[in-house]
Structure formats: C-alpha cells, structure tokens
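Trainee: Please find one structure pasted underneath; my questions will follow.
Please treat every number below as a calculation from the coordinates, not as lab data. Because the structure is a prediction, the values reported are computed rather than measured. Note that we place each Cβ from the backbone using ideal geometry, even for glycine, and neighbour counts take in every protein chain shown.
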Amino acid sequence: MNSETKQCQNCKQDFTIELEDFNFYEKIKVPPPTWCPLCRAQRRLAFRNERKLFKAKDAFTEKDIFSLFPAESNRKVITQEEWNSDSWNAMEFARDVDFSKPFLKQILELEKEVPIYNLNVEFMINSPYSGNATGLKNCYLCFDSNYSEDCMYGSANDNCRDCIDNSHINHSERCYECFWMENCYQCYFTINSTDSRNLFYCRNCLGCNDCIGCANLRKSSYCIFNKQYTKEEYKKEIVKMRLDSISGIKKVREKAKTFWKTQPLKYIQGVKNLNSTGSYVTNCKNVNNSYLIRESENMRYCQYMQVSGNKDCYDTCIWGVNMELDYETCLSGENSYNLKFCYNCWPACRDSEYCMNLFSCSNCFGCVGLKKKEYCILNKQYTKEEYKKLVEEIKKHMDEMPYIDSQGLVYKYGEFFPIEFSPFGYNNTIAQQHFPMMKEKATEKGYKWIEVPHGEYSITKKALELPDSINDVKDNLLREVIECENCKNAYRILENELTFLRNEKLPLPNLCHDCRYERRISDRLGIKLYERFCMCAGEKDSTGIYKNTVKHLHGEGLCGEKFKTGYDPEKGEIVYCEKCYQQEVY
C-alpha cells in the first residue's frame, strides 16, 4: 500500500498516511487513523493535568486531600496509599458487556465508579505537594519530575538539585528560570543549552561559562551578547548590569530577546540525532514528527516522552521508560509493551487495549483500576479462550455501534477516548498550551472548563513595592502576601526560596509561580511543524539581518535546503539548515 491522503474527521483538513505508517498499523493490527496527527495529539494531551492541584474529598474517608482531579471531575478520588492497599478490589466493579450500547460509554461508566489515586507519585520523600513524579526529595510544587532533590516550582526536572522555576531540565544544579537544559550549573533565564555554567539569558549554548545574553556559542567564556571580554572586563560589566536587581534583570531580558532575533537558529531544536524531525528531540534515532523526546528510537507522532529507552511507538505521549509497540497511549510507561488506546497504565502493562489506571496487568480490554490481573474485560475475569473470543466480538460491536460524541464525531475501534471523557477541565491540561481555546468554544464542544480556586488572602504588598535588589530584602518579607504583577493573584516568598535567591544573588520574582511558568514556556516551540527552506543567502541571511562569519559551501546564492521545523514562518526568526548552522556556530 502506498501513501494515502485522508480528511481529518475532527478539523476537516487533509493529512497523509505514509507507507511506513500503514506498515506499523498492520504490524499491531489496528485500522489507520481518521484524525490527523495534530488532532490526535490534542485529544491525548487533554487527558493530562500536569501541574494543577485541587482540594478534593477522599471517597473512602471524606477527608480533604490534594488531588490532580478536581471535585467537578465526578471521580472517586482516594490517596495513593489507599489505592495500593488491600482494603478494596477493583474486580468488585466487574460487569458484563452490554451489546445494546457503545462500548466506550461502558468504559466511561466503569471509570466513574472505580476509585483513582490523587497524585500519581512513587518513592517520594518530604514532597507532599508534588504530582506526576517519581523519587523526589524535599521538593515543593514539582510536577512531571523524577529523582530530583531540593527543587521548587519545577516541571519536568529530572536528576536535578537545588533548582527553582525550571522546565524540562536534566542533570542540572542551582538553575533558575531555565528551559530545556542538560548538565548545567548556575544558569539563569537560559534556554536550550548544554554542559554550561554561569549563564544569564543565553540561548543555544554548548560548553560555555560566564556569558550573558549570548546565542549559539560553543566553548566560550566571558562573552556578553556574543562579544568577547577579558575576565576582568566581564566582571566590571556585570556590576554595571546590576543582575541582583529587578530593574537590571528586566533590562537584560529585553536586550537579550532583541539580540536573539538577530542570530540564526538551527531548524531542529535537538542534538545527537539520526534521521529525526521535530522539536526538542535529543539523542534519538528515526524519531519523526515528535516533540520533547529523549533517547528513543523508531517513534512517530509522539510527545513528552522525556524518560529514555522507548522504541517502535506511534502516537504516545507523556512519560516513557522502555516502552515498545505502544499506540495512542497517554501517561503510560515503565516497561509497557503493546498497549493501544490506554491511559495511565504502568508499570509493565502488556497487550491491553482501552484501559485506564492499570497496574502491572496484561491482556485486558476496557478495564479500569486493576492490579496484576490478566484476561479481564470491564473488570470481569475470563479464561484465555473466552477473552480472545469476546474481544473480537467487542471490536466488531465498536464498528457497528460506535460512540458518537456531542459534536457528532464517530469513535469506532481504533480511536482514542473522546476529549469529553477527560476528568480534567480543558483549561487545566497540556492541550490548552498547544491548542488554546476560549471557554465558550470548549464548552460548546462538550469539554469541561474548571477554574482553579484561589484562597482568600489579604494582599499586604504589591509586586511593584518589592525591594529592587536582593541585597535590600529583609527576613520580614517572608510574612508578606504579594500581589502578582500580571494576574493579581496572591503569592508568597518561602524561606527556602529566599535563601536560594540570596545565595545566587538574584532578585525577588514579581510574578506568581504560575505566571513565571507561563512566561518560561512562552519561548517554547509548539508541536506543529512547518515545511520551510534554509534562509542562508550566501553572505547574509535572506532578510539581510545576520551577516555570515564564514563562506558557506553552497556559495553566494540561496541555500534552499528544505526541512520541517517548529519555527513558524510568521514569527520572523532566522532559520538555517543543519549544514549552514554548523558552519556558523561550530
């Protein structure tokens, strides 16, 4: 079978299914998708609340607990300790298949009855206000993070120490307000950099130290906006910049952002890849049309698979760790194999379809909340022979009586769960970051919209009234309730946070941690890829802004190499192909 163009059932745009895609679908015995890759990603990401905490009532004890699931989700939320205990059994909710109504509807009815744990964490030490995390110690409000210590306000911080307000950083220490960093130390407000230390507002730097406002440097020291200084000159310039003050940081931020726009970008944000496309793809082989992927192989249309060792998967998002042959899954991992249309199934779940919240199960279909079970359908036990026969009957039934959502979209066998099944408000999920939608539009489509409640606090200080320099901050500031400069909600500076800022000589934040997060990820590329051409035009880029430093191999004319990139042509960045970028940077 050759490639085929189809119209997406959801957005009505044409998309192409390639020969290699058909080969994968045939290998795992699923029909080709009826939704385009972006709509499939949106559908899965709407099932991921990464970092919003709610107060909920424990379904067993009626006590208040913190939960990723809001009360409006109508789910029976319990603590993870209760979920892991032997005090209840998900098999008690078993039911027969009802061939008089759509099978997906039966799964949703079951899911609302079976208890779900509140935070999705394991191996945690003194980190009670974190979620979607493993092996954290002394961490506060850290999410989607693993094996980190003494960190605060982080998302996707793996193997890090003493870091505050960072997203998607790995093996780093004493970093602040950074994004997509690896093996870095004492870097601040810096993005897409590796093996570096003491950087302020730098982008795409490798093996650098003591630089400010720079871009595309390699193994450089004492540079400011890519200009070389001596060590003594650099130190004098730092004093002038007053990086310990709110006003000084603001000036450097504005100047750095302006300078970055004059420097070329490599079309793909990632390093050490082979035959790969996407954004933030690193140490990968044959990973294409994907986003935020580390150390994986033979993957396509995948997102947020930052924990390594995954291979031969399509349309998987969130987490990872040695996943293989998975398709249309969300929040699954830890040695999973051949999962299809599953949500939150781990560890070592295998050969299962349309399941939610499974733990170490295999050969399950349409099950919820089971632990160490096999050959179950809607939480009911069957023999191996009965199971296989009934599964084929259900798949046929799903085609003959599909679920139809509130928009009239049809869900036969082969589609992931509808967004309207998500227990979260659309605005609380990652989908909102990549596929933003106003409340009216979301509710019109049948999606939940749930506001995160804010406590009633009496503001004692406005952000504009904060001391400009960290050197002027007194301990009594820890008692102040500060009004965020952006959203006007209340926030406080905690003792560990103040200690960190003093040690790093950084000013107080004038935004709450939610607004700092939104500002941080605003520099991030989206999931969508664009077909573009290299903008190198010989001596300069095609806009005439950047002057090349060396003569390029393609000569004086336009390079013209075609590629897929996450950089939107409407935003005006200077984007080079790999060869032209390397000639300028390395």
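Trainee: Report relative contact order for the chain in percent, whole number only (criteria: Cα-Cα under 8 Å, sequence separation at least 6).
Mentor: Numbers: 1435 pairs, mean separation 63.1, N = 586.
Normalised by residue count, the contact order of the chain is 11 percent.
Trainee: Rounded to the nearest 20 Debye, what is the dipole magnitude of region 354-429 about its Cα centre when Lys and Arg each give +1 and Asp and Glu each give -1 at the C-beta?
Mentor: Details: 10 positive and 10 negative charges, 84 e Å.
Around 400 debye, computed over region 354-429.
Trainee: Among the aspartates and glutamates, which have Cα under 14 Å from the Cα of LYS251 when same-chain residues fewer than 8 positions away are ignored?
Mentor: Candidates past the 8-residue exclusion: GLU237, ASP468.
Trainee: Could you rank the peptides 247-254, 317-324 by their average count of other C-beta atoms within 10 Å per residue, with the highest value first? It would help to have the intermediate numbers written out before the result.
Mentor: Working: 247-254: 15.5, 317-324: 23.2.
Highest-to-lowest ranking by the protection proxy: 317-324, 247-254.
Trainee: Beyond 18 Å between alpha-carbons counts as too far, so tell me which of LYS101/LYS396; LYS311/LYS384; LYS112/LYS448; LYS266/LYS564; LYS272/LYS540; LYS266/LYS540 fall in that bin.
Mentor: Numbers: LYS101/LYS396 13 Å; LYS311/LYS384 28 Å; LYS112/LYS448 15 Å; LYS266/LYS564 11 Å; LYS272/LYS540 27 Å; LYS266/LYS540 15 Å.
Violating the 18 Å Cα-Cα cut-off are LYS311/LYS384; LYS272/LYS540.
Trainee: Charges only on Cβ, +1 for Lys and Arg, -1 for Asp and Glu: so what's the dipole of region 462-521 about the Cα centre, in debye to the nearest 20? Can you show the working numbers first?
Mentor: Working: 10 positive and 12 negative charges, 21 e Å.
Dipole of region 462-521, to the nearest 20 debye: 100 debye.
Trainee: Between the DSSP loop rule and a limit of at most 13 other Cβ atoms within 10 Å, which GluC sites (Glu not before Pro) in region 389-477 are left? Don't skip to the end; give the middle numbers.
Mentor: Working: sites: GLU392, GLU393, GLU400, GLU415, GLU420, GLU440, GLU444, GLU451, GLU456, GLU465; in loops: GLU415, GLU451, GLU456.
Those that pass, being in a loop and sparsely packed, are GLU451, GLU456.
Trainee: OK, next. Where does each of 256-262, 370-376 land if you order them by average Cβ count within 10 Å, highest first?
Mentor: Values: 256-262: 16.4, 370-376: 19.0.
By packing density, highest mean first, the sequence is 370-376, 256-262.
Trainee: Still on this structure: To the nearest 20 debye, what charge dipole does region 530-585 have about its Cα centre, counting +1 at the Cβ of each Lys and Arg and -1 at the Cβ of each Asp and Glu? It would help to have the intermediate numbers written out before the result.
Mentor: On the way: 8 positive and 10 negative charges, 19 e Å.
Around 100 debye, computed over region 530-585.
Trainee: On to the next question. Could you work out how far helix 384-400 tilts from the main Cα principal axis of the chain, as a 0 to 90 degree angle to the nearest 10?
Mentor: 80
Trainee: Counting pairs of alpha carbon atoms under 8 Å apart in space and at least six apart in sequence, what relative contact order in percent does region 530-585 give? Could the numbers behind the result be given before it?
Mentor: On the way: 81 pairs, mean separation 25.0, N = 56.
Across region 530-585, relative contact order equals 45 percent.
Trainee: Right, next: Give the aspartates and glutamates whose C-alpha is closer than 19 Å to that of LYS235, dropping any in the same chain fewer than 8 places away, or say none.
Mentor: Filter leaves ASP210, ASP244, GLU504.
Trainee: OK, next. Given Cα pairs under 8 Å that are at least 6 residues apart, what percent is the relative contact order of region 115-187?
Mentor: Answer for region 115-187 is 16 percent.
Trainee: Here's another thing I want to ask about it. Pull up the cross-link candidates among the aspartates and glutamates for LYS439, meaning alpha carbon to alpha carbon under 18 Å and not fewer than 8 places away within one chain.
Mentor: GLU72, GLU420, GLU451
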